[in-house]
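The values are calculated or read from the model by the stated rules, or taken from the named source; none is laboratory data. All of these numbers come straight from a predicted model, not from anything done at the bench. Neighbour counts run over all protein chains shown; Cβ positions are idealised from the backbone, glycine included. These area figures cover heavy atoms from the full protein model, side chains too; ligands, DNA and RNA do not enter into them. Shrake-Rupley method; radii C 1.70, N 1.55, O 1.52, S 1.80 Å.
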Amino acid sequence: MKLFYPEIFEKFICTGSQCSDNCCMTDWDIEIDDGTYGFYKKLDNDIGRKFLNSVTEEDGVKYLVHCDGKCPMLNEKGLCSVQLAYGEENISDICREHPRFYEWFGDYKEAGVGLACEEAVRMYLSDAEPVRFFTKEINEEPDDLEFDPELLEIMLFARKAFIDLLQNREFSLHDRLTNVLSAAAEIQAALDDEDIEDIRPIAEELYDPEIIAERAKSLEKAVPEKPLAAAENMLFYLEHLDFIGDTLPLQIKDASRFVKKLSAPVKAQAGGEYEKLAVYFVYRYFLKAVRDFDLLSKIKAMLVFVFAAEVINVSREQDTAARFETVKELCKEIEYSGDNMDRIYDDSYLSDCFSDAAMLALLKWSN
Ligand code: SF4
């Protein structure tokens, strides 16, 4: 089987006790795989009983529910009592792998490292170079979940074109993002009409400098007269998502107050970190469209994350450490919340905040 992964995947090491926002100390519910559940069900001791008493089930999926902001299996020293007693091989897949993520298509597998982890964000964003990807053979049985291999091949080509453009620093980040948005809308139309042979030519255009420049120029005309209104509306929308902590909602509120006072778009910040954030989302979510045929909502969500990171950074004049913290919070509170992401994906088709004109305006809050 082939494994495709960005460089950080092999380099990432959890900082454990040095971590200031340990993932075992959040209000997350942790999905428990059947193997782990079965192991603890057979145990006739306090650890087994505590584990099973902390598990809840929703739609056939079992979750270990965190209590008072931390995993119930942590001992008084903050260490995992399950791992101490039975070894890493007997903790749940998610606990062992977090923040790594995987995607399978038959005998092709992808891996990456999620940014809801401060160390992952630090490693990923402090590397100023474009993201480097690698392939290697691994010894693993093919996955049996169905997919269309022809569509996968086309979407792999298209995603590469998206990422290559996002990492092409000859164009402004604004022009790269507007082209990506426009191409995603065209690919979505092809997916909706089941014209998958149209996708490759759309992606190929992302390698043509003239088309990129021309498209960015012509999309300028579609930006509403008051682009800051779109930024205000999006921040109002984000304020009303569900949060587990206080940090991000406060930052969004402050950003909202900041934007309300602006009379003209602010000067854009250097785009290296935002480029990498965009690449992270495109790499992680683009191929999901092979199974759910929905690309546009994922690209719009990516644009919202990039916008939110920038507007919070600018409004608070954040230094590097604070900017990294904001990215981690955005991913922890929004990207890693199924409810929030479902809302964003649905609203990307239903809400005026996510209309094509609003998304283009969102990219013009700074210039
Ligand atoms: S958030 Fe990241 S660095 Fe911190 S404990 Fe979890 S995996 Fe380790």
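Observations, loosely collected:
- Peptide ranges 355-364, 101-110, 218-227 listed from the most packed, as the mean C-beta count within 10 angstrom indicates: 355-364, 101-110, 218-227
- Stretchable slack from residue 152 to residue 217, in nm (0.36 nm times residue separation minus alpha-carbon distance): 20.3 nm
- Only one residue of 5, 37, 79 has its Cα farthest out toward the positive end of the dipole of the chain, where Lys and Arg carry +1 and Asp and Glu -1 on Cβ, and that residue is 79.
- Residue 320 paired with residue 80, simple spin-label distance in nm, labels 7 Å along Cα-to-beta-carbon: 3.0 nm
- Backbone N under 13 Å from the residue 137 label point (7 Å along Cα→Cβ), restricted to the stretch 1-31: 1-3
- Its relative contact order, with pairs defined as Cα atoms under 8 Å and 6+ residues apart, puts the stretch 24-97 at 38 percent.
- Gyration tensor (alpha-carbon) shape descriptor, the stretch 143-264, a/c threshold 1.5: oblate
- Its Cα gyration tensor gives the stretch 149-362 an equivalent ellipsoid; the semi-axes, largest first and in whole Å, are 27, 19, 16.
- Relative contact order (%) - the chain, alpha-carbon pairs under 8 angstrom, separation at least six: 19 percent
- Applying a threshold of 29 Å to the alpha-carbon distances of 253/328; 267/298; 11/109; 260/332; 11/50; 160/328 flags 11/50 as lying beyond it.
- Peptides 4-10, 45-51 ranked from most to least packed by the mean count of surrounding Cβ atoms within 10 Å: 4-10, 45-51.
- With DNA, RNA and ligands ignored, accessible area of residue 343 (1.4 Å probe; Å², nearest 10): 80 Å²
- Here the chain has 49 percent of its accessible surface on carbon and sulfur atoms, given a 1.4 Å probe and all protein chains in place.
- Considering only beta bridges that DSSP places wholly inside the chain, some 85 percent are antiparallel.
- Counting 0.36 nm for each residue step from residue 144 to residue 169 and taking away their Cα separation leaves a gain of 5.1 nm.
- Fully extended contour minus Cα-Cα distance, from residue 93 to residue 53, at 0.36 nm per residue: 12.5 nm
- A 1.4 Å probe run over the chain, with the rest of the protein chains in place, finds 49 Å² accessible per residue.
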